[in-house]
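Working notes, beginning with the structure itself.
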Amino acid sequence: FNKRQNLYGLNFARKEIKDRSVILVEGYMDLISLYQYGIKNVVALLGISISGEQIQLIKQYTNNVVCVFNSDNKGNIARFKVLELLNLFNIKSEAICTAGAKDADEYINKYGTEEFIKLANNAMTPLQFKRSIEKR
């Protein structure tokens, strides 16, 4: 198993992506929780960096990615780098900040599917995300 060449859960998510975006999370627990709550167009990096191989896998299914990483400083920095790399590969990328929770797993368990979907529908562009973390 080589993390750089795989996306955890892609075997399930690829059927659900269709014309929608894919939600990109850091870890398998984030993915499992979202999936259990009915959000199935989700894949996990199993880390906080993305490789060219992983981006090429994503491009096979969609050109729209919504990143949901841990809400700490390290997660915010990594998310911005991932957003930049996705844009270099001509993938529309957006970011979700899970205010009130440390990650997607905690957020969906605390607030539920409807609130997570609201977050996803109001995802920030890379520039909006950068400005939001600079204000902190």
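A few comments on the model shown:
- Pair list, Cβ under 9 Å, 6 or more apart: region 91-104 residue within 15 Å of Ile48 (Cβ to Cβ) and in contact (Cβ under 8 Å) with a residue 12 or more places away in the chain, other residue open to solvent by less than 40 Å² (accessible area, probe 1.4 Å) and among the acidic types (Asp, Glu): Asp103/Glu26; Asp103/Asp30; Ala104/Glu26; Ala104/Asp30
- Failed criterion for Thr62 (all others in (1) hydroxyl-bearing (Ser, Thr, Tyr); (2) free of Cβ contacts under 8 Å to residues at least 40 places away in the same chain; (3) surrounded by fewer than 19 Cβ atoms within 10 Å (Cβ to Cβ) hold): (2)
- In region 2-20, the residue that is least open to solvent (accessible area, probe 1.4 Å) out of those that are in contact with a strand residue (DSSP E or B) (Cβ under 7 Å, 6 or more places away or on another chain) and part of a helix (DSSP H, G or I) is Ala13.
- Those residues of region 106-136 which are under 14 Å from Asp72 (Cβ atoms) and open to solvent by less than 40 Å² (accessible area, probe 1.4 Å), in sequence order: Tyr107
- Lone unmet requirement of (1) hydrophobic (A, V, I, L, M, F, W, C); (2) touching an Asp or Glu at 6+ places or on another chain (Cβ under 7 Å); (3) at pLDDT 95 or above; (4) over 26 Å from Gln5 (Cβ atoms) for Ala44: (4)
- Within the set Ile55, Ile23, Ile77, Ile39, the sole residue that is open to solvent by less than 20 Å² (accessible area, probe 1.4 Å), out of contact with any strand residue (DSSP E or B) (no Cβ under 8 Å at 6 or more places or on another chain) and on the phi < 0 side of the Ramachandran plot turns out to be Ile55.
- Which listed residue, of Ala99, Ala104, Ala95, is under 22 Å from Ile133 (Cβ atoms) and at pLDDT below 90: Ala99
- Subset of region 42-52 that is within 20 Å of Ala104 (Cβ to Cβ) and not hydrophobic (A, V, I, L, M, F, W, C) - its residue that is least open to solvent (accessible area, probe 1.4 Å): Gly47
- Per-region count, region 26-36, residues hydroxyl-bearing (Ser, Thr, Tyr) and buried (at least 16 other Cβ atoms within 10 Å of the Cβ): 2
- Condition check for Tyr28: of a type in the set (Phe, Trp, Tyr) and in contact with a strand residue (DSSP E or B) (Cβ under 7 Å, 6 or more places away or on another chain): yes
- Scan region 92-105 for residues that are under 13 Å from the mean Cα position of the chain (by Cα) and either over 22 Å from Ile58 (Cα atoms) or surrounded by 17 or more Cβ atoms within 10 Å (Cβ to Cβ) (or both) and the total you get is 9.
The values are calculated or read from the model by the stated rules, or taken from the named source; none is laboratory data. Everything numeric here is computed off the predicted structure, so don't read it as measured data. All Cβ positions, even for glycine, are placed from backbone atoms using ideal geometry, and neighbour counts span all protein chains on display. Ligands, DNA and RNA are stripped out before the accessible areas are found, and what is left, the full protein with its side chains, is counted by its heavy atoms. Shrake-Rupley method; radii C 1.70, N 1.55, O 1.52, S 1.80 Å.
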